[in-house]
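Below you'll find the structure, written out as structure tokens, and then a few comments.
The values are calculated or read from the model by the stated rules, or taken from the named source; none is laboratory data. For clarity, every value in this text was computed on a predicted model and none was experimentally measured. Neighbour counts run over all protein chains shown; Cβ positions are idealised from the backbone, glycine included. Protein only, heavy atoms only, side chains kept; ligands, DNA and RNA dropped before computing areas. Shrake-Rupley method; radii C 1.70, N 1.55, O 1.52, S 1.80 Å.
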Amino acid sequence: MKKRLLYPYRITGAGAEKLLNTLRGEGFALYGIAWENVRRVSFSVSPDQCGRLEESLQRLGFEYERMPPEGVMKKLRYLHGRKAAVAACAVFVALALFSLRLVWKIDIDGAGSYRGEINAWLRENGIAPFTRKSRIDLQDMCESLLYRLPEITWVRAKIRGVVLDIDITRSVVAEGDAFDTRPGDVIASSDGIVQSVRVFQGTAAVRPGDTVKKGQTLIYGYENREDGRREAVRAKGEIRVRTWKSADALVYAGKTVSVPTGRETVVKAFLCPWGAVRSGSEPEYLACDKLTETFPIGGAWIPVWMEKTIYKETALEKEEADWESAKSEAGRLAMRKLLSLCDKNDEIIDKWLNCCMIEGDTIQATATAELIAETGVFSPQIPD
């Protein structure tokens, strides 16, 4: 039902029910009719009918009383008496709505050494905190910064609430870039037995079947020319070796459980931000379970609360170790760690697991894998 602006009246006199029928006949719209007794009734009418209603009541000989307004009318009356406060609230709301149309802060991420250049571009284009959002062309900003700054691959800009976010992605030169022509060798990154050798540039230093150590040269960074001279080049190739990787995992097989002894101590305290009053002190149990309950006393506005802490004494007992369960868990952990050490291009030929007990109740599992992996890495030559 739609809310109306209504003024409430209370009518007193004999024949109040007949009066209501008479008023309806005269065209009055009566709302919220409530009988207090046989001689007294209350109802509400719209503001434009108040003057005519009072004239009719005086003419018909009924006493009436205009009651305090309720609902929307009551709020309007309240605001009417506080025009200054209403005006201040209106100004505050207007300023708040206007402030949402401005940029309050500018965040620049990933700029690195280009932060100064970006700030200079923003100053040149009149973009600063408290600039209107409608003045900022995000697409033009991205295109201009991308054109202006070298070694920048991507610029993203967006307005998030009252914050202008500028995200810079810088280009990264990968190791072994195609434009890097420094001479150097290819060396082994791990021990193993050579399975295959493919040389794209340089001179092979090993053959299939050779055993190599980590750091050993696999492809020399030079090539012999037809005129007999030796020319330094950047060695390139693919060397795959049969190698082994292993990983260890430790699991404690023993198990300690706590058994209640039946003794307990209760400590109560009244606390506030400035101190606490306690009914006792913490018991000197060797081991215990602690349960704390908090009860607010002052509600949300008064920071006073009561705290109840129950200390239940326990005895620690050692159960017999479950060796099979510990061995299984250690094996899973070792295998998971081993797989994380293998590259996605490694070819696993075989793998196995060894377990042993160390330091009493600790199980050590060692997972080992035999695999074929690429081992060559570039090592630049040091000039004489």
(request) Quickly run through the range 327-374 and pick out the residues that are closer than 17 Å to Ser190 by Cα, of a type in the set (Gly, Ala, Ser) and in contact with a Ser or Thr (Cβ under 9 Å, 6 or more places away or on another chain). (result) Ala369, Ala373
(request) Only residues that are more than 21 Å from Lys312 (Cα to Cα) and open to solvent by less than 40 Å² (accessible area, probe 1.4 Å): list them for the range 274-297, please. (result) Gly275
(request) Filter the range 18-34 down to residues that are open to solvent by 60 Å² or more (accessible area, probe 1.4 Å) and free of Cβ contacts under 8 Å to residues at least 12 places away in the same chain, then give me how many there are. (result) 4
(message) Can you report the number of residues in the range 161-196 which are at pLDDT 85 or above and either open to solvent by 80 Å² or more (accessible area, probe 1.4 Å) or part of a strand (DSSP E or B) (or both)?
(response) 16
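Looking only at strands (runs of 3 or more DSSP E) that fall completely inside the range 1-72, which ones have 2 or more residues that are at pLDDT 80 or above and of a type in the set (Gly, Ala, Ser)? Let's see the steps before the verdict.
Working: elements: 7-12, 31-37, 40-45, 63-66.
Filter on the range 1-72 gives 40-45.
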(message) I want to confirm something. Restricting to the range 327-384 and keeping residues that are open to solvent by 50 Å² or more (accessible area, probe 1.4 Å) and part of a loop (DSSP other than H, G, I, E, B), which single residue is modelled with the lowest pLDDT?
(response) Asp384
(message) For the range 96-124, which positions are out of contact with any strand residue (DSSP E or B) (no Cβ under 8 Å at 6 or more places or on another chain) and open to solvent by 70 Å² or more (accessible area, probe 1.4 Å)?
(response) Leu97, Phe98, Leu100, Ser113, Glu117, Arg123, Glu124
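Suppose we filter Glu317, Glu324, Glu329, Glu347 for residues that are under 15 Å from Tyr252 (Cβ atoms) and in contact with a strand residue (DSSP E or B) (Cβ under 8 Å, 6 or more places away or on another chain); which single one remains?
Glu329
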(message) Among the numbered criteria (1) under 30 Å from Val377 (Cβ atoms); (2) surrounded by 12 or more Cβ atoms within 10 Å (Cβ to Cβ); (3) not charged (D, E, K, R), which one does Ile136 miss?
(response) (1)
(message) I need every pair where a residue in the range 321-349 that is in contact (Cβ under 8 Å) with a residue 40 or more places away in the chain and more than 22 Å from Val241 (Cβ to Cβ) has its Cβ under 7 Å from the Cβ of a residue that is of a type in the set (Ser, Thr, Tyr) and open to solvent by 30 Å² or more (accessible area, probe 1.4 Å), sequence separation at least 6 or different chains.
(response) Ala334/Thr366
(message) Against the conditions (1) over 30 Å from Thr362 (Cβ atoms); (2) in a strand (DSSP E or B); (3) open to solvent by less than 40 Å² (accessible area, probe 1.4 Å); (4) at pLDDT 85 or above, where does Leu271 fall short? Just the number, please.
(response) (4)
(request) Kindly establish whether Ala157 is open to solvent by less than 60 Å² (accessible area, probe 1.4 Å), at pLDDT 80 or above and under 31 Å from the mean Cα position of the chain (by Cα). (result) yes
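Of the residues Thr203, Thr131, Thr153, only one is over 29 Å from Val103 (Cα atoms), of a type in the set (Val, Ile, Thr) and free of Cβ contacts under 8 Å to residues at least 40 places away in the same chain; which?
Values: Thr131 fails: over 29 Å from Val103 (Cα atoms); Thr153 fails: over 29 Å from Val103 (Cα atoms).
Within the list Thr203, Thr131, Thr153, the selection yields Thr203.
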